[in-house]
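To start, the structure itself, in structure tokens.
The values are calculated or read from the model by the stated rules, or taken from the named source; none is laboratory data. Predicted, not measured: the structure shown is a model, and the values here were computed from it. Here the Cβ positions follow ideal geometry from the backbone for every residue, glycine too, while neighbour counts run over all protein chains shown. Protein only, heavy atoms only, side chains kept; ligands, DNA and RNA dropped before computing areas. Shrake-Rupley method; radii C 1.70, N 1.55, O 1.52, S 1.80 Å.
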Amino acid sequence: MLWRIFASITFGKLLFIPSYRSTDFEVHRNWLAVTHSLPLNKWYVDDTSQWTLDYPPLFAWFEYLLSWVACLFDPEMLKVENLNYASQNTVLFQRISVIFTDVVYALGVQKCLYSIGSTQGGNSPTILAFLLLCNVGLFIVDHIHFQYNGFLTGILLLSVGSILQKENLKAAFWFSVLLNLKHIYLYIAPVYFVYLFRSYCIEIQKSRLTFHFKRLIKLGMVVVTTFGVAYGPFVGQFQQVMSRLFPFENRGLCHAYWAPNFWAIYNIVDKILAVSARLFGWTTVSTTTASMTGGLVQEFEHAILPSVGPKTTLICTLLALIPAIVILLRQPNQPRVFVRAIVLCAFASFLFGWHVHEKAILIVITPLTLLAVSSHEDCRLFLLLSITGHVSLFPLLFTPFENVSKIFLVLTYSLASYSFLSALHYDPKSKSTLVKFRSWERLFLYGLVAVALFESFIHSMVDPSGKLPFLPLLIMSVYCAVGVIYVWLLFVIASLKTEKKISKQK
Amino acid sequence: MDVPFKLEVIALTTVIIKLGVSLFPYSGKNNPPMFGDYEAQRHWMEITVNLPIQDWYRNTTDNDLLYWGLDYPPLTAYHSYLTGLMAKKINPDYVNLLASRGFESPNHQFFMRMSVLVSDCLFFISALYFYIKNLKMDNKYKWVFFALCSHPGLTLIDYGHFQYNSVSLGLALWAIIFVSKGRNLWAAVAFSAALNFKQMELYHAIPMFFYLLASCHRKGSTLISQLVNLIKIGVVTLATFALIWYPFLQLHDGLLQQVLSRVFPFNRGIFEDYVANFWCTLNVLVKIRRILEPTSIASYCLLLTALFSFPCGLHLYFKNSLRNFHLCLINVSLAFFLFSYHVHEKSILLVTLPVSIASPYFPFTAFWFLSISHFSMLPLYAKDDLILPAVAVLAL
């Protein structure tokens, strides 16, 4: 069944090959060219194109492998000088490479299905497969906007699936691989550390603590070997590689389009305070409105509230991580709790991190999907988050055609997930066939529809000259930020509650 | 497992598939001087918006009939007119008389594709949705049924190759819906409209005619009430025709004949390109075009078509039932397709509609037929680089 769903969605992906591509397309073409044409020591040094290699070495190897297949399609794309080269064959090749690597995603999903599905039984594996494989956020980001997230999420799921099946070493291996492919997953590394340390290396039986030193060594070996293989050839230019991977000097607090996280709200509050201060003449603060420069660099100088630097965001993130650590420590060896912790950790990094991309919401949504089929409460939170999260991705697609298709895509997926999950949690006793939302949640969702329509169509109709180009983005990110924070708080409470319940049982 | 909103989800999914197909090239893209069906539709918007109604079908200096002259009945013209008005509002360059020939731009493609989507939603998808929702069928299979009906051929022709078949097929579907609900008068209106949108709907005309005729003769009703019913239907049909043809009936200087000759062009050959049709197949063995004259060919066509259609119609008349109606639709339209004069391969769509409706009776055959018909249109797709989406949609 899983493979049937995968086949269908693959054909759907094929249909969208000619749709809009973002600059990320050129980014990957450039990386293909760089890895293919230049010697190893130039990979992280070359800057013919502005899109320099800023993913870890394993991804560079991945691009290198791909480039050999690219040769068959169109060798011209592999010339580093051919900036913005996009022949038909190039497009075809790149699109197909994403579609093809999604097989890894399917394998990851399959691994998780074994663990989660077997405990639930019934139709939940199929529904879980559908929710994961047809995730519209991934579809939009991977197959339209162009990235390789499906492939990466697949590896993440392989890792999580291993934990679910209590194969801890394998999990460590897959996660190390993942970290060497895209370092954004550092966001959730703490969870792995704590879990593996607490649940794998330490054993508490009848208040007797055994520390499995051997296991720690094994873990260390796995991780170190993986990193070694990946970084080995680059040992000489380690400094250079790091500076490419972590460009702290160049990036500001927020992306050009604010990710719907805590800092978005912080920004807007600051703006409002600044404007009020001017109107009411509170202080003689210099009336420099927080500058919103476009592009990569976003320097934010907050007018009223204190300016926020990378260290502050790190501290906030760590504070937000505390619930995750707590539940991991209190309940060792519970794979379900592990997944909850991943979600909590991803949430924390998304909400409080430095220069967060709105695409990072997918890292929160994917593990949450695993939980959605088991509990009613998680299901409700999943639906709220997925709808909000996917709508928050709207500003990524702005061409007229994609404006229409993005609405239909998100609408269909949301409706499908809503109806499937409702049927799954159908409770014959209470006679409710649909997942029920609280009244304010429903209001929020209606408002979300309005915001989405505003962003897609209404704004361009009301303001054709483009005087306020950031207005719809602003509204979208602030509104969605409210939703995301709401779900986060509820999820934290739910996680701590179940933790208490189980510990009470003991 | 009873899943709520199944039908809606499937409907939305078909829209997504159609949107996906829209991304691909259309008929005659970048292909001067004549381009293709896409340019034809754009051209009709151009002339309907800019010229007075009497000139729409006439060969004038502004309206060169050799360059995609109008050859569908007036309702298509009105539809082009309305769409043309919208086009004009968005960007007059789309429909500038003579200057906009061969106009191509991404925004324009977006506009045209959206017009197909909107027309489709208004007419076809709504009809299908309504029809299935009210069907006395096991809920489990309803969504399979819906998927069947939104079958690849229609999607590809309308969204890829570019036409507005969904409007006429939708109207015909509405007619069938009304018939199954017993509202014969509305059915007559809907079908007349369908017929006036595309004259190909004649394929469905005979069964429609016989069914309505038979429904007047219900058991136990008096002769008077039967006649009254018949007259009512006749009047309604004539009224619909009159309403649509009204602007063309006024002038007697050959306008009506002109329109008719455009709509039924007998001067074209018996078949064009490759059509999975009787004459075509026969031609492989016996070169008909060399043996017989065009007019006699036409008569043979008529004879054979009539031969195969009438028995079916009569059967329907005598054993009136909905099921027979559906089957008759299939038979007659197939007969027309096989034996008519100058059939386009797109006409197979007219057969696929009743086949999909009747698919609950024989699901496997229906599926097989739909796949084959889709396959038969492959050369057409190939001309427009539409092979990839064709395969994709078929697989889906």
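Taking every residue in segment A:472-483 that is within 18 Å of A:His357 (Cβ to Cβ) and pairing it with any residue that is among the hydroxyl-bearing types (Ser, Thr, Tyr), at least 6 positions away or on another chain, the pairs with Cβ-Cβ distances below 8 Å are A:Leu473/A:Tyr257; A:Met476/A:Ser392; A:Ser477/A:Tyr257; A:Ser477/A:Ser392; A:Cys480/A:Thr388; A:Cys480/A:Ser392; A:Gly483/A:Thr388. Just one of the listed residues (A:Tyr266, A:Tyr200) is outside any loop (DSSP other than H, G, I, E, B), among the hydroxyl-bearing types (Ser, Thr, Tyr) and modelled with pLDDT of 80 or more, namely A:Tyr266. With respect to the stated conditions, A:Phe93 fails to be in contact with a Ser or Thr (Cβ under 9 Å, 6 or more places away or on another chain), assigned by TED's automatic domain parsing to the domain that holds A:Asn30, under 28 Å from A:Phe394 (Cα atoms) and at pLDDT below 85. Among the residues of segment A:168-182, not a single one is open to solvent by less than 20 Å² (accessible area, probe 1.4 Å), modelled with pLDDT of 85 or more and in contact with a Gly (Cβ under 6 Å, 6 or more places away or on another chain). Filtering segment A:1-54 to residues that are farther than 18 Å from A:Gln94 by Cβ and outside any helix (DSSP H, G or I) leaves A:Met1, A:Leu38, A:Pro39, A:Trp43, A:Tyr44, A:Val45, A:Asp46, A:Asp47, A:Thr48, A:Gln50, A:Thr52, A:Asp54. Just need a number here: residues in segment A:356-399 that are without any contact (Cβ under 8 Å) to a residue 12 or more places away in the chain and over 28 Å from A:Ile458 (Cβ atoms). Here the count works out to 1. Inclusion of B:Thr237 among residues that are modelled with pLDDT of 70 or more and among the polar types (S, T, N, Q) is warranted. Just one of the numbered conditions (1) out of contact with any Gly (no Cβ under 9 Å at 6 or more places or on another chain); (2) crowded, with 21+ Cβ neighbours inside 10 Å; (3) at pLDDT below 85 is not true of A:Thr119: (2). Among the conditions (1) in a helix (DSSP H, G or I); (2) modelled with pLDDT of 80 or more; (3) buried (at least 18 other Cβ atoms within 10 Å of the Cβ), A:Lys271 misses just one, which is (2).
Could you list, in sequence order, the residues of segment A:314-338 that are open to solvent by 30 Å² or more (accessible area, probe 1.4 Å) and among the aliphatic types (A, V, I, L, M)?
Here is the first cut: in segment A:314-338, the residues open to solvent by 30 Å² or more (accessible area, probe 1.4 Å) are A:314-316, A:318-319, A:322, A:325-326, A:329-330, A:332-334, A:336.
Within segment A:314-338, A:Leu314, A:Ile315, A:Leu318, A:Leu319, A:Ile322, A:Ile325, A:Val326, A:Leu329 meet the criteria.
Of all residues in segment A:1-29, those satisfying the criterion of being away from every other protein chain (no Cβ under 14 Å) and either among the aromatic types (Phe, Trp, Tyr) or more than 18 Å from A:Asn149 (Cα to Cα) (or both) are A:Leu2, A:Phe25. Taking the criterion of being buried (at least 17 other Cβ atoms within 10 Å of the Cβ) and modelled with pLDDT under 80, the residues of segment A:28-45 that qualify are A:Trp43, A:Tyr44.
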